[in-house]
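Trainee: What follows is a structure written as structure tokens; I'll ask about it next.
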Amino acid sequence: MTLKEDASPDDLRALGDMLAGVAHEINNPLTSILGYAQLLLARTDLPEEAREDITSILEESRRGAKIVHGISSMARRRGGKREICDISEILADTVKINAQRISQTGIRLDLSLERNIGRTMADPGQLQQVFMNLITNAVQALQRKNSGERSLRIAARQRGETAVITIEDTGPGIAPEHMARIFDPFFTTRERGQGMGLGLSLSRAIIAGHGGTIRAESRVGEGATFRIDLPIVEPAPIMSYEAEPAGKTPPGKGEVIVVVDDERTNRDIFKRFLEGRGYRVEAFSNVEDAIQALPGLSARAVISDFKLPGKTGRDLYAHLGSRHPDLAKKFILISGDVLSEEVSRFIEETRVAVIEKPFALDRLAERLADIIHR
């Protein structure tokens, strides 16, 4: 299990809300750090030594953003609702959450995720619970190994209409007399107080409930391998997560863009970047000021955060829908918490364009050009 096995649903929900809130708050300063680093790297007069340092800042900030995304994903995947989901993404998020703990124990981690694995219908939170449990068990087994190589290999691949996930360790292995019972409820070989023996039985129930199978293979002294097979219900989408090179995005021609964000640094970054791309930017720290100014602006698009002091991004969108319907079609939501129930419901209901904080500035320029010219 990834948390105390006797924790109540309310305890888990409260912990999830706390983790998601922390992730959201971290995303705002990360957006500023990434934004200023990108603005600096765009300068042509930057000394090479400074460029290398800023590139390192950018890379480390992106690494931090991935970690925060993993925490946010874990916190929000708890609702019991099934959806079409990306198995590799869930597995990668789980590994990221455990990566530091694994490296600190001296275990060599090998992660191999085949590209373009088809997607499955599942509860992402339950799948992550299974992956977390198997990874935790493997790490604990490897920590009991006193000599020899200690490695953990995690892989995902597609075989026909099945997604295959394997978690393989080089630990002490499982004794033959225990193999037949490892999935039994309350069966454990650990000392009293170190677990109730429910992790693997719950994992098997979850996987079976998703139309899949889980099985184990082991030899004493050579480690253990757990294999999960899950049915694929649709092919992987063909898409690119890389921002389009700046040269391919058409520049602005003086169009007025309204930006609403309560973070001063974010407003500054968006204004400097977009005005450098040929737009005219009017930035506001709250929805009320933006609404008051809109009639005299002839705006072509609105970029807004969701969580704002006073009225929210939803309120701004509703106002646009009733007073400026053309602008409602040119609305871009920027948010550091797109996985929250409130934000995700808004996105589902409105189908607005969305960019998740933190992000590459070129992606903002690309999305803006797309909605203005469509």
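The values are calculated or read from the model by the stated rules, or taken from the named source; none is laboratory data. On a predicted model such as this, the values are computed, not experimentally measured, just so you know. Cβ: placed from backbone, ideal geometry, glycine included. Neighbour counts: every protein chain shown.
Trainee: So, in the stretch 149-170, of the ones that are small (G, A, S) and in contact with a Ser or Thr (Cβ under 7 Å, 6 or more places away or on another chain), which residue ends up farthest from E234 (Cα to Cα)?
Mentor: Step one: filter the stretch 149-170 for residues small (G, A, S), giving 151, 155-156, 160, 163.
Pick out the ones that are also in contact with a Ser or Thr (Cβ under 7 Å, 6 or more places away or on another chain) and you get 151, 155-156, 163.
Numbers: S151: 33, A155: 20, A156: 16, A163: 11 Å.
Looking at the filtered set, the residue picked out is S151.
Trainee: For E288, indicate whether it is more than 18 Å from V352 (Cα to Cα), modelled with pLDDT under 95, outside the structural domain of R115 (by TED's automatic domain parsing) and among the acidic types (D, E). Step through it out loud before you land on a result.
Mentor: Values: more than 18 Å from V352 (Cα to Cα): yes; modelled with pLDDT under 95: no; outside the structural domain of R115 (by TED's automatic domain parsing): yes; among the acidic types (D, E): yes.
Spelling it out, it is not the case that E288 is more than 18 Å from V352 (Cα to Cα), modelled with pLDDT under 95, outside the structural domain of R115 (by TED's automatic domain parsing) and among the acidic types (D, E).
Trainee: So, one more: What residue, of G148, G125, is on the phi > 0 side of the Ramachandran plot and either of a type in the set (G, A, S) or more than 21 Å from the chain's Cα centre (by Cα) (or both)?
Mentor: On the way: G125 fails: on the phi > 0 side of the Ramachandran plot.
Result of the check over G148, G125: G148.
Trainee: For Y279, state whether it is surrounded by 19 or more Cβ atoms within 10 Å (Cβ to Cβ), more than 30 Å from L40 (Cβ to Cβ) and of a type outside the set (A, V, I, L, M, F, W, C). Give the derivation first.
Mentor: Working: surrounded by 19 or more Cβ atoms within 10 Å (Cβ to Cβ): yes; more than 30 Å from L40 (Cβ to Cβ): no; of a type outside the set (A, V, I, L, M, F, W, C): yes.
Considered against the rule, which asks whether it is surrounded by 19 or more Cβ atoms within 10 Å (Cβ to Cβ), more than 30 Å from L40 (Cβ to Cβ) and of a type outside the set (A, V, I, L, M, F, W, C), Y279 comes out as no.
Trainee: Give the residue that is surrounded by the most Cβ atoms within 10 Å (Cβ to Cβ), with candidates limited to residues of the stretch 111-123 that are touching a helix residue (DSSP H, G or I) at 6+ places or on another chain (Cβ under 9 Å) and in a strand (DSSP E or B).
Mentor: It comes out as A122.
Trainee: What is the residue count in the stretch 124-155 for residues that are assigned to a strand (DSSP E or B) and either free of Cβ contacts under 8 Å to residues at least 40 places away in the same chain or surrounded by fewer than 21 Cβ atoms within 10 Å (Cβ to Cβ) (or both)? So that I can check it myself, show each step before the final result.
Mentor: Taking the stretch 124-155 and keeping what is assigned to a strand (DSSP E or B), we get 151-155.
Next, only the ones that are either free of Cβ contacts under 8 Å to residues at least 40 places away in the same chain or surrounded by fewer than 21 Cβ atoms within 10 Å (Cβ to Cβ) (or both) stay: 151, 153, 155.
Looking only at that region, the number is 3.
Trainee: Could I ask something else about it? Could you tell me which numbered condition L198 fails, if it satisfies all but one of (1) of a type in the set (A, V, I, L, M); (2) modelled with pLDDT of 90 or more; (3) in contact with a Pro (Cβ under 7 Å, 6 or more places away or on another chain)?
Mentor: Every condition holds for L198 apart from (2).
Trainee: Now for a separate question. Please go through the stretch 317-333 and give me each residue that is in contact with a Leu (Cβ under 8 Å, 6 or more places away or on another chain) and hydrophobic (A, V, I, L, M, F, W, C), ordered by number.
Mentor: Selection gives L320, L327, A328, F331, I332.
Trainee: Now, a different point. Among the residues of the stretch 91-121 satisfying the criterion of being in contact with a Lys or Arg (Cβ under 6 Å, 6 or more places away or on another chain) and hydrophobic (A, V, I, L, M, F, W, C), which is modelled with the lowest pLDDT?
Mentor: Filtering first and then ranking leaves M121.
Trainee: Can you confirm whether the stretch 281-302 contains a residue that is of a type outside the set (A, V, I, L, M, F, W, C) and touching a Ser or Thr at 6+ places or on another chain (Cβ under 9 Å)?
Mentor: Initially, the stretch 281-302 is screened for residues of a type outside the set (A, V, I, L, M, F, W, C), giving 282, 285-286, 288-289, 292, 295-296, 298, 300.
Filter again for touching a Ser or Thr at 6+ places or on another chain (Cβ under 9 Å), leaving none.
No, that holds for no residue.
Trainee: What residue, of L320, L316, L297, is modelled with pLDDT of 95 or more, over 20 Å from the mean Cα position of the chain (by Cα) and either farther than 23 Å from G21 by Cβ or among the polar types (S, T, N, Q) (or both)? Reasoning before the result, please.
Mentor: Details: L316 fails: either farther than 23 Å from G21 by Cβ or among the polar types (S, T, N, Q) (or both); L297 fails: modelled with pLDDT of 95 or more.
That would be L320, the only listed residue that is modelled with pLDDT of 95 or more, over 20 Å from the mean Cα position of the chain (by Cα) and either farther than 23 Å from G21 by Cβ or among the polar types (S, T, N, Q) (or both).
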